[in-house]
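Data block below; observations after.
The values are calculated or read from the model by the stated rules, or taken from the named source; none is laboratory data. These figures come from a predicted structure and were not determined experimentally. Cβ sites come from the backbone with ideal geometry, for glycine too, and all protein chains shown count toward neighbours. Ligands, DNA and RNA are excluded from the accessible area calculation, which covers all protein heavy atoms including side chains. Shrake-Rupley method; radii C 1.70, N 1.55, O 1.52, S 1.80 Å.
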Amino acid sequence: MRRALVLLAAFGLAALPALGASAVKPRPKTMYEDHLHNTHGHDWHVQLQVNNAGTALTSIVLWAETCDDSGVAGRVPIHADGTFAVVNARLAGGKGTWSVQGTFADADHASGTWSVTKGSCTVADHPFDAHDGLGHYIVGNPDGYAPASILGRSFNARHLRHFQILTFANVKRWSTVAKARSLGYELDQSLACPGLHHARKNGVRMWGKLLDPDAPQSLIYWCDANRHWTLAAAMFRAPGNRPPPLFDNMIEWHKHGSTATWMSHVWFVSSPTAAFAACAPFSAFAARGAFTYSPYQSDIPIDEPCPDTDTGQPPESEPEPAAAPAPTP
């Protein structure tokens, strides 16, 4: 599943608003988003980033799990009546098209529709209502797993694999909850099991160095049905008031609210595509004999199982989307 985030020029911009339309501007430098998670097959995510002047979107991100692809566009004008649009832009995977069209009716939210056409997969005019505040914001790779390019010879790919090795060198220091606590990480062991749970140091604020493999801001443990705790990941924070390093969009950072810190994970599995996944790679953990999936309630979207996880349950689904008309040649 390759979905490298490469900022694309906006295609098919909406026509200019009619004369006399009232001016509507979103809040500058604000990120708005709407999503559906935990469907195991039909997740989606729409994210809008407003520029410093409130006159354009520096990026629109669409992720549509139904068609297993994503789209990203940059420099999309916000017209005087609050409308914006990207129409029939090429998907990040290179096959198929996507569209997002919407309106800022006020400074607090934008509503509209998104569509994807990829081979036989079509989602037409799916509604969204994007808000600021407690949303789940992402930058970088929106896919579950890191792209295959992380296995390549580029500087960023080699840097991330080296960072993975350096982080793994500390596994024995963090292998038990008791060891983590001796280093200042706090974990509430009364939490429900099975589950993935965070052992945080200094709460949810940014502290220490950026991407220090010896001192992640948080550790994540899997607790099974017998309340046996196993180290699963290290979580790193970055300041929330500026973009974090994306390494050619090979990794994903996320945050929960516009003022929160950015967060990214390194899962303790051997494959770099799984180690830098934006989901819990249960298949990789099972392959190395660490632990296997059990049904659990994820605390945050990043802790959801990756799409290839055998959950033993049929995927949940949304109502069947309406068919879209064939694109005009």
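Hull volume per residue, based on the alpha-carbon atoms of the stretch 217-270 and their convex hull, is 102 Å³. For the pair residue 246 and residue 39 in one chain, pulling the backbone fully straight at 0.36 nm per residue adds 71.8 nm over the alpha carbon distance.
Highest average first, the peptides 149-159, 224-234 ordered by how many other beta carbon atoms sit within 10 Å of their residues are 224-234, 149-159. Of the whole protein surface, residue 212 contributes about 30 Å² of accessible area at a 1.4 Å probe radius. Between residue 113 and residue 205, full extension at 0.36 nm per residue minus the direct alpha carbon distance yields a gain of 29.6 nm. Ligands, DNA and RNA aside, residue 263 has an accessible area near 20 Å² when probed at 1.4 Å. Within the accessible area of the stretch 127-266, the carbon and sulfur atoms contribute 58%, probe 1.4 Å, all protein chains present. In this label model, residue 224 and residue 189 are separated by 1.7 nm, measuring between points 7 Å along each Cα→Cβ vector.
With all projection directions averaged, the alpha carbon convex hull of the stretch 31-73 covers 3.0 nm². Which pairs, out of 172/255; 95/255; 29/255, put more than 20 Å between their alpha-carbon atoms? Over 20 Å Cα-Cα: 172/255; 95/255. Given a 1.4 Å probe and the protein chains as shown, residue 179 ends up with an accessible area of around 80 Å². What the stretch 82-232 shows is 45 Å² of accessible area per residue, with the surface traced by a 1.4 Å probe over protein heavy atoms. Protein heavy-atom surface of the stretch 60-105, 1.4 angstrom probe: 46% of the accessible area is carbon and sulfur, with nucleic acids and ligands not counted. Which lysines, if any, have their Cα less than 16 Å from the Cα of residue 179, not counting same-chain residues under 8 positions apart? Answer for residue 179, where 16 Å is the Cα cut-off: 201, listed by chain and number. As a ratio to 2.2 N^0.38 Å, the alpha-carbon radius of gyration for the stretch 170-258 is 1.15.
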